[in-house]
Amino acid sequence: MANIINQISFQNFYNYFGSFDKNQYEFSEGVNIVVADNGAGKSKFFNGFLWIFYDEVLDSDTKTRKNIKNQAVKICSDKAKNEASVNDFIECNVALEFSDKRFRYRISKGFRLKKLKSDSSLTESADWQVFFKELEVSKRDIQLLVYHEVYDSDEQKRILNSLIQPNLREYSLFQGEEVDKLIDFNQADSINRAVKSLTDINKYDELEKITKYVATRAEGELNEIIKSSNAASLNYTKKLEEKESKKNSLESELEKLVSYENSYSLYKSEVDKLENLNENAEGRKEFDDKIKEETSKLKELKEEYDRLVEKLNERFFDGNFGWIAIGCENEVKNFREKLNSYREIRTLKKASKLNDHSNHQINLLPPDSPDSVTLQTMLDREHCYVCDREAKKDSESWKHINSLLNRKDSSQNKPIQVFNNDLNDFFGDIQLGAQPYVGRIIGIEESIIRTREKEQSLLDKITKVKEKINNLKEERSHLIIGGDEDNLSDARQIMAQYRGALTRLQKAEEDIIKSRTRIDGLNEGIRKDENELSRMRPQDTPKEYEFHFEISSDLRDAAQRTKIRVFDEMILKLEKMANQHFQNLIKHNDLSGGILKFEKNPIGTIDFKYIDEKGNEVTGASEGFQRMKVLAVLMAIISVNPNGYLYPLLADAPLSAFGKGFILGFFEETEKVFPQSIILLKDLYDKESDNKLNKLGNELLKNKSVSSIYLNQIPENLKQIEVYTEHIKIK
């Protein structure tokens, strides 16, 4: 039974503002359609699938897929971010439910976003803190209502992969122009890779390997038995050696054949590339110079980024930064208070100790006490400058100042041990050592933010330069070879390369043919030797060993013949099914298409041609016809698999701007091949219609193969930061 997606829901994911309940879509078998105008959430909807399967989303600015961890702030609803207060958390999640014949599963991915500042930017990562959640998977029996969490990571992965196997996702999950890349007819191995992924043809390779191994082992056991019996004649032994020699030659020739086939594939790709190479020499040089310049910039930026990263650890202990002291503001305050308290108590205890000694006169003053000159001035003027009050002569205050002035010189006293363990210097060293960090505490957070901003700035610059290089390379690949004098030498060079590639391809094909001829000859010689050896075997040879060898040899030969026969039959069936799908896909268009032709090439793989009724290769077909060719071949490969296709098709704008005929043909044919399809497109939308569907949309509304149709809309007159998507189920 095929896997069916039952539901997908979003929470504050792009335009899908609000809880899961407000952004929930229910699907079933057959064709499911989500109709939306530009900006109403088609691609954002599809990004939900990308997040679930790849932990990626498509960046609409760069048209490239990016890891979700680098896009978290950007993909969270602007409306939710704008309405959040400082330290508020925003939930951003995608949840998908699907079922097989026994269980219903729920897969969820998400994160929480914390707002750090009142004036936080809606796009700057530094203004938000992201907390990613672990993958959540649960399941329940189809007949029950309660889900049970799945905690084992291997089981979670198995469940996720069961929805669409990783090697099949490129054929089930695509956007827009990605359809054209599903099967690249200019790449020699593209069709063969799709055939191996989508059919069970590989099992015949495995069968051939197994039967070959069994036959080789059976032969070895038989020969060992005969040798051990001492009954083998010299002629038998000689013939056996001749056979072994041919087998060794066969193995060597098979290795050569693999090498020739690899060379053929390489040269075929080279020929295909040169055939489609349309490059202007002068323009290429200009692009090469630009690419070189940008590559140099990229190198400098990467080096600068590496230097920044290398210095991050140093900034924790560097007194100029002092990052290690972050969050220690209260500790510094507590230390100072405790140190002051300690020193105050220490001073009083020391003074008390010294006063108790000898004549009990004070001979040690606290730090910052007045000197002798100041004390004398205070006596003369009868005023205490320390506490700023009168000290009349012979008053208690005056006498205290006088006692301080006339105290004994500490140098006259013998050293007195005041404390057994005096930690004053120890605490002072701590205070002195920490001073560079203490002075930096207030600016550490800002320093870290600036460093992060610099890091992000460098990463953004690196990304932009990389994108510029890729864009330059992309533009460079589409240049046309000109016919003027400046481009003539370059054109000649390309033509020479093409002729050389063709020559190498032809040579590889000749080598393959000759090698296969030699292999056929060696196989025939080995079979003759086996027949002679069977007649020359000693009479007492155990029959079970002979029988085992003969049966395993027959199985090996049968497996080889079956593999070739099945592959040849599959090519014929592929061609038949592809043309059937192709004609159905284009039947609503006025123009008839050509014929899709599959051929087995010298290395035993499939070549594809698009020809007319007279066998001439067709070129210059419209984009719509080109895309229908790809879809027809893909559907044919799926159709030849006796088990069918057990996974849903998830596509965003696969037929953009291709007209009613192609769209109608696509929906009619898709339902025959895929057990379920979820298609997101604009082409059925009509703003002026009462139900917002155009004529074709209303036709599909009545189509029995269409299970559900949803309409996405953005409420009118909203500011950008207030935008959200709402949906209604039309069918």
- Message: Test of understanding: among K212, K157, K196, which residue is part of a helix (DSSP H, G or I), over 17 Å from L631 (Cβ atoms), assigned by TED's automatic domain parsing to the domain that holds L96 and among the basic types (K, R)?
- Response: K157
- Query: Among I611, I551, I595, which is the only one that is closer than 28 Å to K203 by Cα and not small (G, A, S)?
  - Reply: I551
- Being surrounded by fewer than 13 Cβ atoms within 10 Å (Cβ to Cβ), over 17 Å from S689 (Cβ atoms) and either outside the structural domain of L664 (by TED's automatic domain parsing) or not aliphatic (A, V, I, L, M) (or both) is the filter here, so list the residues in the range 701-728 that pass it. K704, P715, N717, K719, Q720
- Inspect all residues belonging to the range 96-105 and state whether any of them is in the same structural domain as G18 (by TED's automatic domain parsing), in contact with a Cys (Cβ under 7 Å, 6 or more places away or on another chain) and at pLDDT 95 or above. no
- Message: Being touching a Leu at 6+ places or on another chain (Cβ under 7 Å), outside any helix (DSSP H, G or I) and assigned by TED's automatic domain parsing to the domain that holds K81 is the requirement here; does Q129 meet it?
- Response: yes
- Of all strands (runs of 3 or more DSSP E) completely enclosed by the range 1-74, which ones contain at least 1 residues that are touching a residue at least 12 places away in the same chain (Cβ under 8 Å) and closer than 16 Å to E97 by Cα? 4-11, 24-26, 30-36
- Message: Pull out all pairs, ordered by first then second residue, where Cβ-Cβ is under 8 Å, the residues are six or more apart or on different chains, the first lies in the range 569-591 and is outside the structural domain of E669 (by TED's automatic domain parsing), and the second is among the polar types (S, T, N, Q) and at pLDDT below 85.
- Response: M570/T199; M577/S639; H581/S639; I586/S592
- Tell me which of these C92 doesn't satisfy, since it passes every other one: (1) in contact (Cβ under 8 Å) with a residue 40 or more places away in the chain; (2) out of contact with any strand residue (DSSP E or B) (no Cβ under 7 Å at 6 or more places or on another chain). (2)
- Message: Can you find, within the range 657-681, the residue that is farthest from the chain's Cα centre (by Cα) among those that are buried (at least 16 other Cβ atoms within 10 Å of the Cβ) and in a loop (DSSP other than H, G, I, E, B)?
- Response: F658
- Go over the candidates D306, D318, D288 one by one and state the one that is within 30 Å of K461 (Cα to Cα), charged (D, E, K, R) and at pLDDT below 70. D318
- Can you pull out the residues in the range 105-128 that are free of Cβ contacts under 8 Å to residues at least 40 places away in the same chain, surrounded by fewer than 16 Cβ atoms within 10 Å (Cβ to Cβ) and under 22 Å from the mean Cα position of the chain (by Cα)? none
- Query: In this structure, does N359 turn out to be at pLDDT 70 or above, exposed (fewer than 11 other Cβ atoms within 10 Å of the Cβ) and not small (G, A, S)?
  - Reply: no
- Query: So which residues in the range 707-731 are modelled with pLDDT of 90 or more and over 33 Å from the mean Cα position of the chain (by Cα)?
  - Reply: P715, I730
- Query: Pick from V179, V137, V146: which is assigned to a helix (DSSP H, G or I), at negative phi and among the β-branched types (V, I, T)?
  - Reply: V179
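The values are calculated or read from the model by the stated rules, or taken from the named source; none is laboratory data. Keep in mind that this is a model prediction, so the values were computed, not measured. Neighbour counts are summed over all protein chains in view; Cβ atoms, including those assigned to glycine, are modelled from backbone coordinates with ideal geometry.
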